[in-house]
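So the structure is just underneath, and the comments pick up after that.
The values are calculated or read from the model by the stated rules, or taken from the named source; none is laboratory data. What you are looking at is a predicted structure, and each value in this text was computed from that prediction instead of being measured. Cβ placement follows ideal geometry from the backbone for every residue including glycine, while neighbour counts extend to all protein chains displayed. Ligands, DNA and RNA are stripped out before the accessible areas are found, and what is left, the full protein with its side chains, is counted by its heavy atoms. Shrake-Rupley method; radii C 1.70, N 1.55, O 1.52, S 1.80 Å.
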Amino acid sequence: MLWKRGPWRMTKTTARTNTDLRTPSTHHKVGRDCATGKKRTLKVVEEFGKMNPEESSKSQPSNTHIRPGVYFATGLQEEEKAAVNKRSPKVLEALQKLNIQAEQAPVIAVLGSGGGLRAHIACLGVLSEMKELGLLDAVTYLAGVSGSTWALSSFYINNGNMEGMEEELKHRYEDNRWHFGESLKKAIQAARRENYSMTDFWAYFVVSRQTRELQDSNLSSIKKQVEEGLLPYPIFAAIDGDLQPDWKKRKTQKSWFEFTPHHAGYPALGAFVPITQFGSRFENGTLVIPEPERDLTYLRGLWGSALADIEEIKKYIWDMLRDLRGKLKQKEAKAATCMESPEVQVDEALLDLMMAYVKDQNDPSIKDKLRALQQVLSAERDEFGEQRYIWLDEIVQNWDEISPKEKEQFLEYLLYCFMRPRELHEGAKSNSMNRIEGLIQDVFTFLSKTGICCWRWEWGTVYNFLYKHGNITDEAIQSREFLHLVDAGLAINTPYPLVLPPARGAHLILSFDFSAGDPLETIRATADYCRCHAIPFPEVREDQLKEWAKAPESCYILRGETGPVVMHFTLFNISNCGDDIETWRKKYDTMKLSDSYTPDLVKDLLRVSKENVQMNKDNILNEMRKIAVKPVNFPGVTKEDCWGDTVQHAQSSRTVEIKMSNNTDITFSEPLKPVNFPGVTKEDCWGDTVQHAQSSRTVEIKMSNNTDITFSEPLYYLQSGHVLVDPPPLLSPESTINCSFVKKSSSFQGTVGILVYQGPSVHLALLFSVPFNYALHRIEFALAIMTEPVSRDLERVFDDIIQGKGSPELKAAKCDLQIPHGTLKLEHDSLIIRATMSNIHVAKLDVVVETKKAP
């Protein structure tokens, strides 16, 4: 699955609150923007305080073990260790009630697989039955992937109280209730965020609809009973979508990302951030911009975002967008005066265009919709009385010849152009503005961003808390300003890697599989992963797994000489479904809409999931009894062994001490020296880890000299990007030159720099800034005339022009390209410089230098 990058950065300043921080003291520092390479001033938060006790408890963390900022931990973290220690006496007490004697509490983990709504309901059934039988109280960890995380979050929000759960579930699907208005409100709020992605849409319009609940609570709000040991310690799994190629090649451990009530982060890197600061912006480990903790509905969307193949998901999303579009038109029909607004008519035409492109990028009607947009915009004139959007003619006429990539780039930028003005002036809206018109504008932004994310297939965009962190040696991790976290089912559909060594080392694993298709696939995938990393796991044979899959039993008990005992439970099996296993699977298809779930369907699914626990109660007790008497061990496997070389220890001096003892009669000699690979760059090394950026962000420059002056010796300075076609050495009178610049391969920065041609007394400077993603910044370009020697630092010249610092020796004119076409003019003594810049296919800068005509 292709996960693309490209977050949103709104130009409007939005209020940010964080109930976990008091107002911090701050200072400012200058850094570089990763999208453009430009200098920027960053507000750095230095001080963390205690929360206001009057704030809502649902967003407040416990006062226990508050650890602000990015931190590294090679073992169990303090908060988790304290919670597990509190849990141990409760586990021993539960085992005693089950007539099992143990001197030390064994570590028992219950895992739930993915499987959408089927997994959500079935997992709740399993938890309910385990609680009823007294088994759940003996469990130390609960961990889930995808649909099971929905069930786990509901379980913890209700403080583990399963009484009345079945009736509540049946009631939800009996009434067929779904709070569309509240979901729309949440989605519109999310669309104002800088890093809006398909995950936001999925969370508020798919997951909330499937589960019939919007969870406003935060993950940190479930701490209390966990810290007191009253409930098992929860772990919610995701993976780093940008590292998917690495996972497919090497089953890399660093792909896995975990969430708990205390932290979020990479267990393989030992790098974490407090859960209350997940999503905030960090640079080099320093908090730059705090963001409020995301609600559980959003996290459910992140954890459970891969319920089917891409084409099926895209169709489902398009159907949802179409329904939303229809509801919007109904609201518009109730406000005829609103429909007369030119701005709303433009919105309508743009949304029709976007919807057609999302559905089918080769749809012939897209060209007709471009003409319709052109017709709506034809009445708008510029300051010279000419049509403001005349450049659309070129697009309409050449649409069939434009490449698919250029089409996507143009439509993406076109939508940005019409979103930005309303963001810039949103604060100036009249209080008497029609409420429906305001809603239409909000929905326009939401639908537009959703459409763009859909055709770019961008999911799970969050700030990378390890961005530019000095303790991280992995280029693929620390160089990205944004992460893309997605459903862990894309790797292994059960969270084994988060409970096996070196993460936690469970002695007994109860794995409940709610997957579609082969119910033994998660065992196969986990065994393969463990072989790659020398992690103890029961040996399984492929022929054995294939045979089991033909007629699945309710439970398989797997054990090896070392490592955990694994009890693997299949949802639909010959014991509870007989010969109708396929019928049951089809009845509860993963993408089956919740609208088609009846109370009887919910009841039957709860029944079969509970039966799996009931019929295997004795087996579970027997395995608990065995590990209570003699817990399994994990010889030779430590956290340091597995992950110690991934992250530089924060306290070390980067020294590696090696001690080798030779107790044989063999002589070993001639240690090899490091091998040098000339010409190998960072981009070469990690090009297969982070996907190549799709857009080239090329800047083509054409300069025509219509004067009698010769300009020569071109100089350039690039903050990001590199030269594609070198500037010619001379710009002679009555001549034209061409050159171009382009972004670097596998880079998350755009093409940004300055080009200078030197004359006898005056020098011509052209500044260009084409960001990696248009949501981060506008395209900018500038003209400048310099009269001082060009020996001065070109980086300073660039910064002076960007910051508008003119001087007698530097005269400049700058333009933000808010539409795909712009012009500039600059005069100096006898010279006139005119420039046009467009972003219709690629960014083109056309410059003409002329001599002023005599009056």
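If a residue has to be surrounded by fewer than 19 Cβ atoms within 10 Å (Cβ to Cβ), acidic (D, E) and either touching a residue at least 12 places away in the same chain (Cβ under 8 Å) or touching a Gly at 6+ places or on another chain (Cβ under 9 Å) (or both) to count, how many in the stretch 91-129 make the cut?
1
When residues of the stretch 563-576 are filtered for being over 35 Å from the mean Cα position of the chain (by Cα) and open to solvent by less than 10 Å² (accessible area, probe 1.4 Å), how many remain? Explain how you work it out, then say what you get.
Within the stretch 563-576, the first condition is being over 35 Å from the mean Cα position of the chain (by Cα), and the residues that meet it are 573-576.
Checking the rest, the ones that are also open to solvent by less than 10 Å² (accessible area, probe 1.4 Å) come to 573.
Residues meeting the conditions: 1.
Go through the stretch 128-163 and report how many residues are in a helix (DSSP H, G or I) and under 30 Å from the mean Cα position of the chain (by Cα).
Within the stretch 128-163, residues that are in a helix (DSSP H, G or I) and under 30 Å from the mean Cα position of the chain (by Cα) number 11.
So how many residues does the stretch 273-288 have that are open to solvent by 10 Å² or more (accessible area, probe 1.4 Å) and farther than 16 Å from T461 by Cα?
Of the residues in that region, 6 qualify.
Evaluate the stretch 224-233: report whether one residue or more is crowded, with 24+ Cβ neighbours inside 10 Å and closer than 24 Å to Q189 by Cβ. Break it down into steps so the answer makes sense when it comes.
The first filter runs over the stretch 224-233 and keeps only residues crowded, with 24+ Cβ neighbours inside 10 Å, leaving 226, 232-233.
Those left that are additionally closer than 24 Å to Q189 by Cβ: none.
Checked against the condition, which is being crowded, with 24+ Cβ neighbours inside 10 Å and closer than 24 Å to Q189 by Cβ, the stretch 224-233 yields no hits at all.
Is it the case, given these coordinates, that S154 is over 19 Å from L605 (Cβ atoms), among the small types (G, A, S) and open to solvent by less than 40 Å² (accessible area, probe 1.4 Å)?
So S154 does not fit the description; no.
List pairs: first residue in the stretch 156-173 and in contact (Cβ under 8 Å) with a residue 40 or more places away in the chain and more than 17 Å from T297 (Cα to Cα), second residue surrounded by 14 or more Cβ atoms within 10 Å (Cβ to Cβ) and of a type in the set (S, T, Y) anywhere in the structure, Cβ distance under 7 angstrom, at least six positions apart or on different chains.
Filtered contacts from the stretch 156-173: M165/S128; Y173/S594; Y173/Y597.
When you check E582 against the structure, is it charged (D, E, K, R) and either within 24 Å of E213 (Cα to Cα) or under 37 Å from the mean Cα position of the chain (by Cα) (or both), yes or no?
It is true that E582 is charged (D, E, K, R) and either within 24 Å of E213 (Cα to Cα) or under 37 Å from the mean Cα position of the chain (by Cα) (or both).
Which one of these does A268 not meet: (1) open to solvent by less than 10 Å² (accessible area, probe 1.4 Å); (2) in contact with a Phe, Trp or Tyr (Cβ under 8 Å, 6 or more places away or on another chain); (3) farther than 24 Å from C454 by Cα; (4) modelled with pLDDT of 95 or more?
Of the numbered conditions (1) open to solvent by less than 10 Å² (accessible area, probe 1.4 Å); (2) in contact with a Phe, Trp or Tyr (Cβ under 8 Å, 6 or more places away or on another chain); (3) farther than 24 Å from C454 by Cα; (4) modelled with pLDDT of 95 or more, the odd one out for A268 is (4).
Quick one: which helices (runs of 4 or more DSSP H) lie wholly within the stretch 467-562 and hold at least 1 residues that are at pLDDT 95 or above, open to solvent by 30 Å² or more (accessible area, probe 1.4 Å) and at negative phi?
In the stretch 467-562, the matching helices (runs of 4 or more DSSP H) lie at 521-532, 542-550.
In the stretch 182-209, how many residues are touching a residue at least 60 places away in the same chain (Cβ under 8 Å) and assigned to a helix (DSSP H, G or I)?
Pass one, the stretch 182-209, residues touching a residue at least 60 places away in the same chain (Cβ under 8 Å): 184, 186-188, 190-209.
Narrowing the set further to residues that are assigned to a helix (DSSP H, G or I) leaves 184, 186-188, 190-191, 198-209.
Looking only at that region, the number is 18.
Whether any residue in the stretch 313-330 is at pLDDT below 85 and farther than 25 Å from A203 by Cβ is what I want to check.
Scanning the stretch 313-330, I find no residue that is at pLDDT below 85 and farther than 25 Å from A203 by Cβ, so the answer is no.
Conditions (1) in contact with a Ser or Thr (Cβ under 6 Å, 6 or more places away or on another chain); (2) open to solvent by less than 60 Å² (accessible area, probe 1.4 Å); (3) farther than 23 Å from P727 by Cβ, marked per residue:
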residue: A812; (1), (2), (3): no, yes, no
residue: G822; (1), (2), (3): no, yes, no
residue: L826; (1), (2), (3): no, yes, no
residue: I832; (1), (2), (3): no, yes, no
residue: T836; (1), (2), (3): yes, yes, no
residue: V842; (1), (2), (3): yes, yes, no
residue: V849; (1), (2), (3): yes, yes, no
residue: K852; (1), (2), (3): yes, no, yes
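Does T570 satisfy the condition of being under 22 Å from V126 (Cα atoms) and modelled with pLDDT of 95 or more?
Details: under 22 Å from V126 (Cα atoms): yes; modelled with pLDDT of 95 or more: yes.
Criteria met by T570.
Could you tell me which residue of the stretch 66-90 is farthest from the chain's Cα centre (by Cα), considering only residues that are open to solvent by 70 Å² or more (accessible area, probe 1.4 Å) and more than 30 Å from L621 (Cβ to Cβ)?
In this case the residue turns out to be E78.
Can you find a residue that is crowded, with 24+ Cβ neighbours inside 10 Å, touching a Gly at 6+ places or on another chain (Cβ under 7 Å) and at pLDDT 95 or above anywhere in the stretch 130-139?
No: zero hits.
Taking the stretch 248-283, which residues are out of contact with any helix residue (DSSP H, G or I) (no Cβ under 9 Å at 6 or more places or on another chain), in a helix (DSSP H, G or I) and not basic (K, R)?
Across the stretch 248-283, the qualifying residue is only Q277.
Just the residues that are assigned to a loop (DSSP other than H, G, I, E, B), within 33 Å of the chain's Cα centre (by Cα) and not polar (S, T, N, Q), please, taken from the stretch 101-127.
V107, G114, G115
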